[in-house]
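Reviewing the structure listed below.
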Amino acid sequence: MCREVSELEYDLLLTVHVERMEAEEITGKYAALLFLNQNKHYPTTKWNRKRYMDLAQLGVGMVFLQFTLSSEPEWDSYHDLVGGKWFLKRYEANAMLHSTYFTDLTLGVKILEPDHPTTAGMKDFTMTDAFYGNIQMAPDVQILLGTDHPDISPTIAWTRRYQNPQIVYLIPGFTEKAYNNKHNRKFLANAIEFARAKE
């Protein structure tokens, strides 16, 4: 997918690879990071938590996909970085806050910010993937993509600035159908370009 959506050079890194690199090494090599990682059940070490925050200080752009929103349920600063949270039942006593999950769902996606760099050249589209409902979002996020589907979050993608970097979060990204959707690919390519741009 990365090879097809952009002419940028890229590397595929496992979490263990990133954990072995210093933040300065990462920012010296990469202009942006695209995350599709999940850690719901094991506390992240202080060392790796610091690495995320160091990356934010150093200004590397970050794009987060799908279940990164449910990762790190006990680490509030991570969710400040991403701009939202998917609440797992195991870590949240208030049942009203429990987030929901719908697989293989087809819905219409609306472009809510047509003048934003992430949506340049795009029109409303339809896609099939896994989607979330009842998620928490930071009050300062700029909503980019939305939907009218009654069961899921009306927000499909957002952006915000956290410390120095541009952050983009996109709910789709679970199935092959999402990565084969030309409209979703266009948004991802735009999001990566937006995140890597230095003001």
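Worth pointing out:
- For region 82-118, a residue qualifies if it is closer than 17 Å to TYR169 by Cα, out of contact with any Lys or Arg (no Cβ under 9 Å at 6 or more places or on another chain) and of a type in the set (Ser, Thr, Tyr), and the qualifying residues are TYR101, THR118.
- Meets criteria (open to solvent by less than 20 Å² (accessible area, probe 1.4 Å), within 17 Å of the chain's Cα centre (by Cα), farther than 14 Å from TRP158 by Cα and polar (S, T, N, Q)) for SER77: no
- Counted residues, region 14-40 - those being farther than 21 Å from ALA197 by Cα and without any contact (Cβ under 8 Å) to a residue 40 or more places away in the chain: 12
- For the residues GLU113, GLU92, GLU72, the requirement of being free of Cβ contacts under 8 Å to residues at least 60 places away in the same chain and within 19 Å of GLU19 (Cβ to Cβ) singles out GLU72.
- Just one of (1) open to solvent by less than 80 Å² (accessible area, probe 1.4 Å); (2) at negative phi fails for GLY173. It is (2).
- Qualifying residue in region 154-168 (condition: over 14 Å from PRO117 (Cα atoms), out of contact with any Ser or Thr (no Cβ under 6 Å at 6 or more places or on another chain), polar (S, T, N, Q) and open to solvent by 10 Å² or more (accessible area, probe 1.4 Å)): yes
- Going through (1) in contact with a His (Cβ under 8 Å, 6 or more places away or on another chain); (2) open to solvent by 70 Å² or more (accessible area, probe 1.4 Å); (3) not aromatic (Phe, Trp, Tyr) one by one, LEU107 falls short only on (2).
- For region 33-55, the condition holds for no residue, the condition being that it is more than 27 Å from HIS17 (Cα to Cα) and surrounded by 16 or more Cβ atoms within 10 Å (Cβ to Cβ).
- Test set (1) closer than 30 Å to TRP47 by Cβ; (2) crowded, with 17+ Cβ neighbours inside 10 Å - LEU88 fails condition number: (2)
- So ASP151, is it closer than 17 Å to TRP86 by Cβ and either open to solvent by 60 Å² or more (accessible area, probe 1.4 Å) or in a strand (DSSP E or B) (or both): yes
- Selection from region 169-199 of residues that are assigned to a helix (DSSP H, G or I), over 23 Å from PHE102 (Cβ atoms) and among the acidic types (Asp, Glu): GLU193
- The number of residues in region 81-112 being in a loop (DSSP other than H, G, I, E, B) and aromatic (Phe, Trp, Tyr) comes to 2.
- Of all residues in region 1-14, those satisfying the criterion of being open to solvent by 70 Å² or more (accessible area, probe 1.4 Å) and either within 21 Å of TRP47 (Cα to Cα) or modelled with pLDDT of 85 or more (or both) are TYR10, ASP11, LEU12, LEU14.
- Scanning region 179-199 for residues that are within 28 Å of ILE26 (Cβ to Cβ), free of Cβ contacts under 8 Å to residues at least 60 places away in the same chain and surrounded by 16 or more Cβ atoms within 10 Å (Cβ to Cβ) gives a single hit, ASN184.
- Boolean, GLY121 is surrounded by 17 or more Cβ atoms within 10 Å (Cβ to Cβ), in contact with a helix residue (DSSP H, G or I) (Cβ under 8 Å, 6 or more places away or on another chain), in contact (Cβ under 8 Å) with a residue 40 or more places away in the chain and part of a loop (DSSP other than H, G, I, E, B): no
The values are calculated or read from the model by the stated rules, or taken from the named source; none is laboratory data. No experiment lies behind these values; they were computed from the predicted model shown. Cβ: placed from backbone, ideal geometry, glycine included. Neighbour counts: every protein chain shown. Just so you know, the surface numbers come from the protein's heavy atoms only, side chains and all, with ligands and any DNA or RNA stripped out. Shrake-Rupley method; radii C 1.70, N 1.55, O 1.52, S 1.80 Å.
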